[in-house]
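To keep things clear, I will list the structure first and then write my remarks on it.
Read-outs: derived from the displayed coordinates by stated rules, not from any lab. Keep in mind that this is a model prediction, so the values were computed, not measured. Glycine also receives a Cβ, built like all others from the backbone with ideal geometry; neighbour counts cover every protein chain displayed.
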Protein chains: 2
Amino acid sequence: MCESHAYIMKDGKEELFLENVDVIKPEEGGRLLIRSIFGEQKVFDGHIREIALLKHRIVLEK
Amino acid sequence: MCESHAYIMKDGKEELFLENVDVIKPEEGGRLLIRSIFGEQKVFDGHIREIALLKHRIVLEK
């Protein structure tokens, strides 16, 4: 499968935020709207640090 | 295959920027460093408008 998972980088450690990410949409006010392939939707108050699709990783940070 | 392609949204139209994207890394100064699975690397002076992985689409804009 191709899905990537979103992690939050916090104090040098990564914490899982949302699995099987489909959509990432930056919104006004510096937030990210993130939706999984199952329709689960979460908002993260921060920005993208790095996306590495071959590694299936989306790293977010405040 | 899982690769997504990066497009630039410009005047309501989308223009292909880079195929088979692996890495996207926002940099200081509001630029995006984008690298393909083949190691081709480009810099885009703008931001991410939307990422839709199931549609294999990464949409950028100034």
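Separation of chain A from the range B:16-46 is 17 Å, based on Cα centroids. Shielding of peptide A:44-56 by partners, expressed as the average count of other chain Cβ atoms within 10 Å per residue Cβ, is 5. Relative to the other identical copies, A:GLU28 shows label-point distances of 3.1 nm, where the label point lies 7 Å from Cα along the Cβ direction and values run shortest first. Both radii come from the Cα set of the range B:4-61: Rg as radius of gyration, Rh as Kirkwood radius; their ratio Rg/Rh reads 0.93. Given R0 = 22 Å, the distance between the Cβ atoms of A:HIS56 and B:LYS25 translates into a calculated FRET efficiency of 0.85. Taking the label point 7 Å along Cα→Cβ, B:MET9 and its counterparts in the other copies are spaced 2.6 nm apart, in ascending order. Taking label positions 7 Å along the Cα-Cβ direction at both B:ILE37 and B:MET9, the computed distance is 2.6 nm, reported to one decimal.
Rg then Dmax, both in Å and based on the Cα atoms of the protein assembly as shown: 13.4, 41.
For chain A, averaging the sequence separation of C-alpha pairs within contact (under 8 Å, six or more residues apart) and dividing by the residue count gives a relative contact order of 32 percent. For B:LYS25, the aspartates and glutamates whose Cα falls under 13 Å of its own Cα, not counting residues fewer than eight places away in the same chain, are A:GLU50, A:GLU61, B:ASP45.
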